[in-house]
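Novice: Take a look at the following structure, please.
The values are calculated or read from the model by the stated rules, or taken from the named source; none is laboratory data. Quick caveat, the model's predicted, so the values are computed rather than measured. All Cβ positions, glycine included, derive from the backbone under ideal geometry; neighbour counts span all protein chains shown.
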Amino acid sequence: MAIFNFGSINIDHVYRLQTLPRPGETIASRSLTLGLGGKGANQSIAAALAGREVRHIGAMGEADGWALDRLRGAGVDVSRIARLPDEPTGHAIIMVEDSGENAIVVHAGANRAMAERAVLDALSEIGPADTLLLQNETAHQQAAAAHARAAGARVIYSAAPFEVEAVRAVMPHVAILAVNAGEAAHLAAELGANLPCEGMVVTLGARGAEYRDLRSGEVTSQGAFAVTPVDTTGAGDCFTGWFAAGLDAGQTAAGALRHAAAAAAMQVTRPGAADAMPTLAEVRAFMSRQT
């Protein structure tokens, strides 16, 4: 079993602020750090640190080799990442205020420049025992999802950044949709309640998360673990990566939810996105301390 993740790779420029700026306001940053991010890279590292075999599919510019080193160091197979000479590596400008809230601007760069044929070639080995993770920060998600589903793989789609037409195109090939509460509401308003997928995992912020089995109607809920957040950047990606890893390991939806919630709780207590992802040993130790 393996998790193939066709996803974005970004260089995060993280600015720490007392408060986020209002429209038209200019404020001074307290600090700047560079880190690895992108929803795809975040989820790949989360799932790899959860102990699963992860093969990342994506694209970067020719610079920023340290980002590949970070992915490789977390246990991610990077052999399917293309280096594009005429495109910059994707990057994000992330502003984080003292409360932990953030605002993010993303430039896609190489993430949306990978050729469809290259994506499908990278998926040539996917099979019925495998999982394909997708997010809405690359091109050719529909073709990748259709290929994986035809091969019998489980397809998990993070519908973020949310675009209803992108979701509509990919949905026929998706087994599980991963969204936050706002995205779930938007989705219901645009596409209705009868979605053509097996299930939906919904993160609910401080209220935790739930898995909605769209075939039986059963809802499995998981409360949030109480922590003091430092930086919420990448928390949803941490959750999704760990949830996918749990299913890949044969856990029930309830078990996967609990591990994912614990991992995300730990992740928000640290600064950064991909660099803040916890290991399996750390999550197990954290869970053992919960009552």
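Novice: Residues of the range 77-100 being closer than 30 Å to Thr228 by Cβ and either touching an Asp or Glu at 6+ places or on another chain (Cβ under 7 Å) or not β-branched (Val, Ile, Thr) (or both), which ones?
Specialist: From the range 77-100, those closer than 30 Å to Thr228 by Cβ are 91-100; that's our starting set.
Correct list: His91, Ala92, Ile94, Met95, Val96, Glu97, Asp98, Ser99, Gly100.
Novice: Do any residues in the range 139-156 that are within 20 Å of Ser8 (Cα to Cα) have Cβ atoms under 8 Å from those of residues that are hydroxyl-bearing (Ser, Thr, Tyr) and part of a helix (DSSP H, G or I), where the two are at least six apart or on different chains, and which pairs are they?
Specialist: Listed pairs, sorted by first residue: Ile156/Thr240.
Novice: Further, regarding this structure: Looking at the range 85-105, can you tell me whether even one residue there is modelled with pLDDT of 95 or more, part of a helix (DSSP H, G or I) and farther than 22 Å from Ala159 by Cα?
Specialist: No, every residue in the range 85-105 fails to be modelled with pLDDT of 95 or more, part of a helix (DSSP H, G or I) and farther than 22 Å from Ala159 by Cα.
Novice: If you check Glu210 against the conditions, is it of a type outside the set (Gly, Ala, Ser) and over 23 Å from Ile45 (Cα atoms)?
Specialist: On the way: of a type outside the set (Gly, Ala, Ser): yes; over 23 Å from Ile45 (Cα atoms): no.
No; evaluated as a whole, the condition is false for this residue.
Novice: Also: Can you tell which of Ala115, Ala82, Ala63, Ala108 is within 17 Å of the chain's Cα centre (by Cα), of a type outside the set (Phe, Trp, Tyr) and at negative phi? Working first, answer last.
Specialist: Numbers: Ala115 fails: within 17 Å of the chain's Cα centre (by Cα); Ala82 fails: within 17 Å of the chain's Cα centre (by Cα); Ala63 fails: within 17 Å of the chain's Cα centre (by Cα).
From the options Ala115, Ala82, Ala63, Ala108, the qualifying one is Ala108.
Novice: Another question, if that's okay. Mind checking which residues of the range 229-284 are crowded, with 17+ Cβ neighbours inside 10 Å and among the basic types (Lys, Arg)?
Specialist: Arg258
Novice: May I ask you to list the residues in the range 206-223 that are surrounded by fewer than 17 Cβ atoms within 10 Å (Cβ to Cβ) and under 17 Å from Ala263 (Cα atoms)?
Specialist: Across the range 206-223, the qualifying residues are Ala206, Arg207, Ser221, Gly223.
Novice: Now, a different point. Among the residues of the range 9-31, which ones are of a type in the set (D, E, K, R) and either within 29 Å of Gln43 (Cβ to Cβ) or in contact with a Phe, Trp or Tyr (Cβ under 9 Å, 6 or more places away or on another chain) (or both)?
Specialist: Here is the first cut: in the range 9-31, the residues of a type in the set (D, E, K, R) are 12, 16, 22, 25, 30.
Once the filter is applied, which keeps residues that are of a type in the set (D, E, K, R) and either within 29 Å of Gln43 (Cβ to Cβ) or in contact with a Phe, Trp or Tyr (Cβ under 9 Å, 6 or more places away or on another chain) (or both), the range 9-31 yields Asp12, Arg16, Arg30.
Novice: Another question, then. Against the conditions (1) free of Cβ contacts under 8 Å to residues at least 60 places away in the same chain; (2) touching a Pro at 6+ places or on another chain (Cβ under 8 Å), where does Gly100 fall short? Just the number, please.
Specialist: Here Gly100 meets the rest and fails (1).
Novice: Checking the structure you have, find out if any residue of the range 211-233 is part of a helix (DSSP H, G or I), of a type in the set (A, V, I, L, M), closer than 30 Å to Arg149 by Cα and in contact (Cβ under 8 Å) with a residue 12 or more places away in the chain.
Specialist: Looking only at the range 211-233, we keep the residues that are part of a helix (DSSP H, G or I), and these are none.
Taking every residue of the range 211-233 in turn, none turns out to be part of a helix (DSSP H, G or I), of a type in the set (A, V, I, L, M), closer than 30 Å to Arg149 by Cα and in contact (Cβ under 8 Å) with a residue 12 or more places away in the chain.
Novice: Sticking with this structure for a sec: Run Gly51 past the list (1) out of contact with any His (no Cβ under 7 Å at 6 or more places or on another chain); (2) at negative phi; (3) touching a residue at least 12 places away in the same chain (Cβ under 8 Å) and report the number of the one that doesn't hold.
Specialist: Every listed condition holds for Gly51 apart from (2).
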